[in-house]
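The values are calculated or read from the model by the stated rules, or taken from the named source; none is laboratory data. Being a predicted model, the structure only gives us computed values, none of them experimental. Methodologically, a virtual Cβ is constructed for each residue, glycine included, from the backbone with ideal geometry; neighbour enumeration extends over all protein chains shown. Surface accessibility is based on the protein's heavy atoms, side chains included, excluding ligands, DNA and RNA. Shrake-Rupley method; radii C 1.70, N 1.55, O 1.52, S 1.80 Å.
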Amino acid sequence: QGQLVESGGGLVQPGGSLRLSCTYSLSDFRIYTANWFRQGPDKQRELVAEVASGGDTSYIDSVKGRFTISRDNAKKTVYLQMNNLKPEDTAVYSCHMQGARGALAMLVDVWGQGTQVTVAS
């Protein structure tokens, strides 16, 4: 069913920026809904941002105005631009996609492996 390949995590100072990318590995894939989740140290996993099939986006309150989710359907890629990062944004970020592949529109529901984002001085 293919896999998601994530990149872009790392260590950044407070106030800095990072852009996460998440790309589906197989051809002939149409993204329906995509989201980014995160799980910080000793915290439950939370849904950070979502982009729907029509392009509508939604965010948790704590990242509104700082994070932007976007998609490039031709590249089968979803991005999370994170600006003005704060120490409380430190977490493992994972992407998730639901879509369809091939002429028969086989449904695909797939998760990325997670990428570490650390915000510290």
Segment 93-121, residues that are surrounded by 15 or more Cβ atoms within 10 Å (Cβ to Cβ), closer than 28 Å to Gln1 by Cβ and either among the polar types (S, T, N, Q) or touching a Ser or Thr at 6+ places or on another chain (Cβ under 7 Å) (or both) = Tyr93, Ser94, Gly112, Gly114, Thr115, Val117
Subset tally (residues that are farther than 16 Å from Ala34 by Cβ and assigned to a strand (DSSP E or B)) for segment 105-121 | 5
Report yes if Thr68 is more than 13 Å from the chain's Cα centre (by Cα) and under 19 Å from Val12 (Cα atoms), otherwise no.
-> no
The number of residues in segment 24-51 that are open to solvent by 30 Å² or more (accessible area, probe 1.4 Å) and either at pLDDT 95 or above or outside any strand (DSSP E or B) (or both) is 15
Evaluate the following for Ala105: is it at pLDDT below 95, on the phi > 0 side of the Ramachandran plot and small (Gly, Ala, Ser)?
-> yes
Residues that are of a type outside the set (Gly, Ala, Ser), under 14 Å from the mean Cα position of the chain (by Cα) and more than 12 Å from Pro14 (Cβ to Cβ), drawn from segment 83-108 = Val92, Tyr93, Cys95, His96, Met97, Gln98
